[in-house]
């Protein structure tokens with residue numbers, strides 16, 4: 001068997017973009033710049049995003065067998081953690097404070113709003129785009145919400161970052177919770193798909 005190794009297939013994200021739109025907004029054409037109604041969430045830390053899939057299983061035990069006779073998949077959740085640098089970007093602020101974006105539209109240059117006592121179930125569609133030269137990857141989530149928020153710390157030595165963890169759910173009509181698109185940037189990957 002031939003060993004396939006291609007340094008061009010490594011991926012070191014040189015930029016990271018996050019966009020949001022109303023829940024179940026259709027995914028833009030692969031790697032087209034997101035246009036209205038997609039809203040940019042601005043600058044992200046150099047750490048980019050941390051995408052996780054967590055699965056839980058339950059073994060079914062039975063008399064007469066020392067090993068489980070069956071394993072049930074009981075849960076599979078997908079999350080992405082991102083730290084945003086634009087601490088007063090209205091879209092970022094609305095996600096962090098868990099208030100509708102319209103709450104942050106100022107009429108006189110100033111906006112005042114109440115933080116909810118009980119968490120609101122504010123869901124949106126999200127795009128997470130990364131690029132490495134001509135190579136691109138996109139994660140599209142039609143139905144997601146912020147489930148964890150890091151500490152908010154205004155400070156004099158650095159900008160105020162806002163860290164959030166997003167959780168993703170299926171969209172309307174059974175749309176997958178997460179869809180990935182990859183542009184190989186002209187790298188020949190035909191050797192990975194041998195003919196019959």
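Within this structure, residue 62 fails the test of being out of contact with any strand residue (DSSP E or B) (no Cβ under 7 Å at 6 or more places or on another chain) and either under 19 Å from residue 140 (Cα atoms) or surrounded by 16 or more Cβ atoms within 10 Å (Cβ to Cβ) (or both).
For residue 27, the requirement of being surrounded by 10 or more Cβ atoms within 10 Å (Cβ to Cβ), closer than 24 Å to residue 169 by Cα, in contact with a helix residue (DSSP H, G or I) (Cβ under 9 Å, 6 or more places away or on another chain) and touching a residue at least 60 places away in the same chain (Cβ under 8 Å) is not met. Can you find even one residue in the stretch 176-184 that is part of a loop (DSSP other than H, G, I, E, B), over 18 Å from the mean Cα position of the chain (by Cα) and at pLDDT 90 or above? Checked against the condition, which is being part of a loop (DSSP other than H, G, I, E, B), over 18 Å from the mean Cα position of the chain (by Cα) and at pLDDT 90 or above, the stretch 176-184 yields at least one hit.
Has the stretch 102-122 got at least one residue that is exposed (fewer than 13 other Cβ atoms within 10 Å of the Cβ), part of a helix (DSSP H, G or I) and either over 14 Å from the mean Cα position of the chain (by Cα) or touching a residue at least 60 places away in the same chain (Cβ under 8 Å) (or both)? Within the stretch 102-122, one or more residues are exposed (fewer than 13 other Cβ atoms within 10 Å of the Cβ), part of a helix (DSSP H, G or I) and either over 14 Å from the mean Cα position of the chain (by Cα) or touching a residue at least 60 places away in the same chain (Cβ under 8 Å) (or both). Here residue 94 meets the list (1) buried (at least 16 other Cβ atoms within 10 Å of the Cβ); (2) more than 15 Å from the chain's Cα centre (by Cα); (3) touching a residue at least 40 places away in the same chain (Cβ under 8 Å) almost entirely, failing just condition (3). So residue 138 clears everything in (1) touching a strand residue (DSSP E or B) at 6+ places or on another chain (Cβ under 6 Å); (2) free of Cβ contacts under 8 Å to residues at least 24 places away in the same chain except one condition, right? Which one? Of the numbered conditions (1) touching a strand residue (DSSP E or B) at 6+ places or on another chain (Cβ under 6 Å); (2) free of Cβ contacts under 8 Å to residues at least 24 places away in the same chain, the odd one out for residue 138 is (2).
Of the strands (runs of 3 or more DSSP E) contained entirely in the stretch 1-87, those carrying at least 3 residues that are more than 14 Å from the chain's Cα centre (by Cα) fall at 44-60, 70-84. Mind checking which residues of the stretch 80-91 are in contact with a strand residue (DSSP E or B) (Cβ under 7 Å, 6 or more places away or on another chain) and either farther than 30 Å from residue 185 by Cβ or crowded, with 18+ Cβ neighbours inside 10 Å (or both)? Answer for the stretch 80-91, where residues must be in contact with a strand residue (DSSP E or B) (Cβ under 7 Å, 6 or more places away or on another chain) and either farther than 30 Å from residue 185 by Cβ or crowded, with 18+ Cβ neighbours inside 10 Å (or both): 80, 82, 84, 87, 91.
Scoring residue 53 on the criteria (1) closer than 26 Å to residue 122 by Cα; (2) in contact with a helix residue (DSSP H, G or I) (Cβ under 9 Å, 6 or more places away or on another chain) leaves a single failure, condition (2).
The values are calculated or read from the model by the stated rules, or taken from the named source; none is laboratory data. Here the structure is a predicted model, which is why all the values come from computation and not from measurement. Cβ sites come from the backbone with ideal geometry, for glycine too, and all protein chains shown count toward neighbours.
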